[in-house]
1. Looking at the stretch 1-48, which of its residues are at pLDDT 90 or above and closer than 25 Å to TRP83 by Cα?
2. Please identify the pairs in which a residue from the stretch 5-32 that is within 22 Å of LYS52 (Cβ to Cβ) has its Cβ atom under 9 Å from the Cβ atom of a residue that is assigned to a helix (DSSP H, G or I) and modelled with pLDDT of 85 or more, counting only partners at least 6 apart or on another chain.
3. For the subset of the stretch 53-70 comprising residues that are surrounded by 12 or more Cβ atoms within 10 Å (Cβ to Cβ) and of a type in the set (Lys, Arg), which member is farthest from the chain's Cα centre (by Cα)?
4. If I filter the stretch 49-84 down to residues being among the aliphatic types (A, V, I, L, M) and assigned to a helix (DSSP H, G or I), which single residue comes out as modelled with the highest pLDDT?
Amino acid sequence: AVEFRKLYDKLGLRYTRKIEMIIEKSSSEKNPVELARGRQHSIQLNSEETIKNWKSRLLPGEIEKIYQITRPIVDRYYHPGDWE
């Protein structure tokens, strides 16, 4: 929630308890990691685990290609180990 608060502040938006609750509900570890069939418009996923899904869906060569293409930007935000 701290990162969202910083983002709201930077954008000049009001960060309320209601907004915090919506964010928590939408990204809770109690939420599924993947969407069920027919639920493609759901926004309630386990954010912490979902972010790792691509590692099991892509081949090593695909991951490397994406990393090389996005590297100029990605290196500002992620550690190289995040791609392993």
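1. Listed by number, the list holds a single entry, LEU7.
2. ILE23/PHE4
3. Selected residue: LYS65.
4. ILE69
The values are calculated or read from the model by the stated rules, or taken from the named source; none is laboratory data. Only a predicted model underlies this, so the values are computations on that prediction, with no experimental measurement involved. For neighbour counting, all protein chains shown are included, and Cβ atoms are generated from backbone atoms with ideal geometry for every residue, glycine included.
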